[in-house]
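Have a look at the structure below before the remarks.
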Amino acid sequence: MLYALNEAAYHAATPLRLAARATRDLFGSSANPAAGTELGRTVFAAADLFANVTRRYGKPAWNIDTVEVDGTEVRVRQVVEWASPWCQLIHFARDPSDMRRTGRRTVEPAVLIVAPLSGHYATLLRGTVRQFLKDHEVYVTDWVNARQVPVLEGRFGLDDYVDHVRAMLTAIGGRSHVVAVCQPGPPVLAAASLMAEDGDPARPASMTLMGSPIDARLSPTVTNRLAEERPFAWFKSNMIYTTPPPYPGAMRRVYPGFVQLYSFMSMNAERHQEAHWRYFQNLVKGDGDAAERHREFYDEYLSVLDLTEEFYLQTIDVVFQQYLLPRGLMTHRGRPVRPAAIKDIALMTVEGEDDDISGVGQTQAAHALCPGVPDSARELYVQPHVGHYGVFNGRRFREEIYPRVKDFIARAEAA
């Protein structure tokens, strides 16, 4: 019912949204004498704000057509290397002729960046991908919005996620390197454990876990406490809704993206209110640069996707309530997951000192679970003065975190 009401509210606001857009265009036109007045700018700002707050935010574009490598602009094209109804494995392929102009002759390490499936699209990692492209062949998991997958395609749970990670590592081939950003930490560690135990030739050469809830019992955050305080039945009764028509996934039971977004925004409601108020003021003042930065951030932040009922509930149960992985009780299709089987996969963990989603200690718990990894193949890093988003994006990621990850992958590649 909530999903249907959300759709009804969006469509009911359409006439007002269209009127706001028309008003914005009128008072944003240089042909309008009132456009440059304080009243005109105020009307323009109010109309623009209303139109943006009430519109639908679709999946953003990657917008990665070039990357600078050693001062040379290198063209980049997106190639789908593997796909299922639930995910596309995108290879950001750098142009070979442009790469030759950089003076680099060797084949660079292949890196699979596993994007989180927790409400936002993989494009949230645009800055992460750009940085890794400077030194690696980059592949990214581009997860599909569950409401776009017909019911006839079946279900997608935590076991399927692990299978997808393993299948994509196999599709890349060789011994590539895997980087798990936030939510994928536990399933990526599970996939690596299974591949190591099987002696799979496609098992990764290194595994980097960034801000991941490997052991959510440590340094619990608001998100962790919510999962602990509520019984499992509460999540099933209050967070799961049926996708309405006309979406391709109509009648599929999902955890809607807009519910996740509300949860995120309510954690920092005052900050978001202040950001939109500043946006309004910047439009009135004519500060286009500040307004554009605001739009760029919220175009990405407000773009959300739905998760399947089974994946969401299993994640709550396995990761945030029963802590099966750190307790040594996690299974994959009935088979025990044994991180201790990992012996030749280098392990790095990255955490943010001010992370309010995955507290300090939750990610580095992976080291204790993998006693077979030699000390020379480990690295544990906590970045001062960054929150969750800063672990994988922003200035400190580019200048302080990424160089360490790059060196770690290079050492694992050499080994």
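List the pairs whose first member sits in region 248-265 and is under 17 Å from W86 (Cβ atoms), whose second member is part of a strand (DSSP E or B) and among the hydrophobic types (A, V, I, L, M, F, W, C), and whose Cβ atoms are under 6 Å apart, counting only residues at least 6 apart or on separate chains?
Correct list of pairs: Y255/L307; G257/V304.
Does any residue of region 1-8 turn out to be closer than 28 Å to V165 by Cβ and of a type in the set (G, A, S)?
Checked against the condition, which is being closer than 28 Å to V165 by Cβ and of a type in the set (G, A, S), region 1-8 yields no hits at all.
Per-residue answers, yes or no, for (1) at pLDDT 90 or above; (2) buried (at least 17 other Cβ atoms within 10 Å of the Cβ); (3) more than 22 Å from the chain's Cα centre (by Cα):
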position: E38; (1), (2), (3): no, no, yes
position: F44; (1), (2), (3): yes, yes, yes
position: D48; (1), (2), (3): yes, yes, yes
position: R77; (1), (2), (3): yes, no, no
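From the list A34, A45, A93, A61, which residue is more than 30 Å from A190 (Cα to Cα) and outside the structural domain of H276 (by TED's automatic domain parsing)?
Answer to the check: A61.
Would you be able to say whether some residue in region 111-126 is of a type in the set (K, R), more than 30 Å from L313 (Cα to Cα) and in contact (Cβ under 8 Å) with a residue 60 or more places away in the chain?
Checked against the condition, which is being of a type in the set (K, R), more than 30 Å from L313 (Cα to Cα) and in contact (Cβ under 8 Å) with a residue 60 or more places away in the chain, region 111-126 yields no hits at all.
What about A93, is it at pLDDT 95 or above, of a type in the set (A, V, I, L, M) and over 28 Å from F258 (Cα atoms)?
yes
Every residue in region 192-203 that is aliphatic (A, V, I, L, M) and within 13 Å of A340 (Cα to Cα), please.
Listed by number, the residues that qualify are A192, L194, M195, A196.
For residues that are more than 24 Å from the chain's Cα centre (by Cα) and in a loop (DSSP other than H, G, I, E, B), scanning just region 237-255, find the one that is surrounded by the fewest Cβ atoms within 10 Å (Cβ to Cβ).
P246
Which is closer than 24 Å to E197 by Cβ and not aromatic (F, W, Y), of E309, E400, E379, E353?
Answer to the check: E379.
Assuming G390 fulfils every condition listed in (1) modelled with pLDDT under 95; (2) part of a helix (DSSP H, G or I); (3) closer than 18 Å to D135 by Cα apart from one, which condition is it?
(3)
Checking the condition out of contact with any Gly (no Cβ under 8 Å at 6 or more places or on another chain) and of a type in the set (F, W, Y), which residue from F397, F392, F320 passes?
F320
Here is a check on your reading of the model: is I357 within 23 Å of E228 (Cβ to Cβ), out of contact with any strand residue (DSSP E or B) (no Cβ under 7 Å at 6 or more places or on another chain) and assigned by TED's automatic domain parsing to the domain that holds A190?
Here the answer is yes, as I357 does meet what is asked.
Show the residue pairs that are 6+ apart or on different chains and have beta-carbon atoms under 9 Å apart, the first residue being within region 1-27 and within 20 Å of A47 (Cβ to Cβ) and touching a residue at least 24 places away in the same chain (Cβ under 8 Å), the second being β-branched (V, I, T) and surrounded by 14 or more Cβ atoms within 10 Å (Cβ to Cβ).
If the second residue must be β-branched (V, I, T) and surrounded by 14 or more Cβ atoms within 10 Å (Cβ to Cβ), the pairs left are Y10/T54; A13/T54; L16/T54; R17/T54; A20/T54; T23/V43; R24/V43.
Could you grab me the full set of residues in region 304-351 that are within 16 Å of S212 (Cα to Cα), surrounded by 18 or more Cβ atoms within 10 Å (Cβ to Cβ) and either of a type in the set (V, I, T) or free of Cβ contacts under 8 Å to residues at least 12 places away in the same chain (or both)?
T315, I316, V318, V319, T349, V350
The values are calculated or read from the model by the stated rules, or taken from the named source; none is laboratory data. On a predicted model such as this, the values are computed, not experimentally measured, just so you know. Methodologically, a virtual Cβ is constructed for each residue, glycine included, from the backbone with ideal geometry; neighbour enumeration extends over all protein chains shown.
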